[in-house]
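Q: Got a structure for you, written out below as structure tokens; questions coming shortly.
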Amino acid sequence: YTAKINVAIDGPAGAGKSTVARQVAAQLGYLYIDTGAMYRAVALAVMRRKLPLSDEEAVARLAEGLQIELRPGSEGQQVLLDGEDVSRAIRTPEVTKRVPQVAAIEAVRRVLVNLQQKMAAGKGVVMDGRDIGTHVIPNAEVKIFLTASVEERARRRYEELKRTNAHLTYEQLLHDIAERDRQDRERLTAPLVQAPDAVLLDSTGLTIAQVVERIVQICRRVLDEGESYG
Ligand code: CDP
Ligand code: CDP
């Protein structure tokens, strides 16, 4: 294809966004951008400096001064925070629990959305998050809202963590995921919501390959239309 498009994938925790987005990007030869990793990096920096989340001004000032970089790595995306590889550190349950609170701060979102919009400006990106289709790239040619039942999402996370020996029970994960979704849906700034023009894709009972195929198909249809009209 001569032209490139942007693909926005949003949805709740554990729907398969990052797994699927990475593979869609690989198939299209596009750049994958994990925006959740960026919010996680800010949350990690806030925790390390022991800043109280109630001091939104201090948190925002910190976020503005951070250098957050995403690089394609051997095990998925590598996340650099002021030059340090924090790819693992941003995935701990402690960070996970705090991210929605940091992500609810409007000034933090302004800093990260600005960065994300610069990354998407050249087209040819597959970006996943919560507000990509609604706020970050509202003009994305393809928007997907990827969901799955909360039980299925908790089960997936449980299977995933079992492999890394984490000591979380299924019930804990179910509770944590439901609570994080609630916070993401109820926040005032850019809450988790399906964009009116997004395609709803329920991945409950689907394999990763099936979900990837459906999204790539949608992208190819849009790219084909672009070739014939544009
Ligand atoms: O991978 P998982 O679904 O567990 O989470 P994530 O995509 O890494 O995102 C972690 C948290 O960052 C979410 O629960 C949101 O609070 C926040 N986030 C956001 O507010 N906006 C985005 N575009 C991406 C993530
Ligand atoms: O990024 P998000 O939080 O939406 O989910 P993820 O971290 O990409 O995926 C959660 C887990 O579900 C991973 O272990 C995937 O292998 C698994 N999974 C999936 O993503 N899609 C399916 N259709 C089935 C399983």
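A short reminder: the numbers here are calculations on the coordinates, not readings from a lab. Just so you know, these numbers come straight off a predicted model, no measurement behind them. Positions of Cβ are backbone-derived with ideal geometry, glycine not excepted, and every protein chain shown enters the neighbour counts.
Q: Within the chain, what percent of beta bridges assigned by DSSP are antiparallel, to the nearest 5?
A: Here the share of antiparallel DSSP bridges comes out near 35 percent.
Q: Quick one: if the Förster radius is 41 Å, what FRET efficiency do D197 and T92 give, using the C-beta to C-beta distance and rounding to 0.05?
A: Efficiency computed from Cβ-Cβ geometry: 0.70.
Q: All other residues with a Cβ under 10 Å from the Cβ of K4 taken together, and with Lys, Arg as +1 and Asp, Glu as -1, what is their net charge?
A: 0
Q: Give me the extension gain from D85 to N114: residue separation times 0.36 nm, minus the current Cα-Cα distance, reported in nm with one decimal.
A: Extra length from D85 to N114 when fully extended: 8.2 nm.
Q: Under 11 Å from the Cβ of A140, count the other residues' Cβ atoms, weight Lys and Arg +1, Asp and Glu -1, and hand me the total.
A: Surrounding charge for A140 is -1.
Q: Between beta-carbons, use under 10 Å as the cut-off and find the net charge around L223, counting Lys and Arg +1, Asp and Glu -1.
A: Value of the local net charge: -1.
Q: Need the full-extension length gain, E69 to A178, defined as separation in residues times 0.36 nm minus the C-alpha distance. One decimal, nm.
A: 36.3 nm
Q: Report the FRET efficiency, 1/(1 + (r/R0)^6), for R163 and Q27, where r is their Cβ-Cβ distance and R0 is 35 Å, rounded to 0.05.
A: 0.90
Q: Still on this structure: Along the Cα-to-Cβ line of R185, 7 Å from the Cα, sits a label point; which residues in region 108-152 have backbone N less than 20 Å from it?
A: Output list for this probe position: 129-135, 144-152.
Q: Per-residue ellipticity at 222 nm for the chain, helices alone: DSSP H runs ≥ 4 residues times -39500 (n - 2.57), over residue total, nearest 500 deg cm²/dmol?
A: Result for the chain: -16000 deg cm²/dmol, rounded to the nearest 500.
Q: Tell me, in nm to one decimal, what length is gained between T2 and A58 on full extension, where the rule is 0.36 nm per residue of separation less the Cα-Cα distance?
A: 15.6 nm
Q: Treating the angle as unsigned and between 0 and 90°, give the value, to the nearest 10°, between the Cα long axis of helix 150-163 and the longest Cα principal axis of the chain.
A: 70
Q: Oh, and also: Would you check the chain for Lys pairs whose C-alpha atoms are within less than 25 Å, ignoring same-chain pairs closer than 8 in sequence, and give me the count?
A: Lysine pairs, 8 or more places apart or on different chains, close enough: 13.
Q: For the chain, what value does the Rg/Rh ratio take when both radii are computed over Cα atoms and Rh is the Kirkwood radius, given to two decimals?
A: Taking Rh as the inverse mean 1/r over Cα pairs, Rg/Rh reads 0.95.
Q: What's the FRET efficiency of I208 with A121 using the Cβ-Cβ distance as r and R₀ = 41 Å, to the nearest 0.05?
A: 0.90
Q: Tell me which GluC sites (Glu not before Pro) from region 13-91 have a DSSP coil assignment and no more than 15 other beta carbons within 10 Å of their own.
A: Here the sparse-neighbourhood loop sites are E75.
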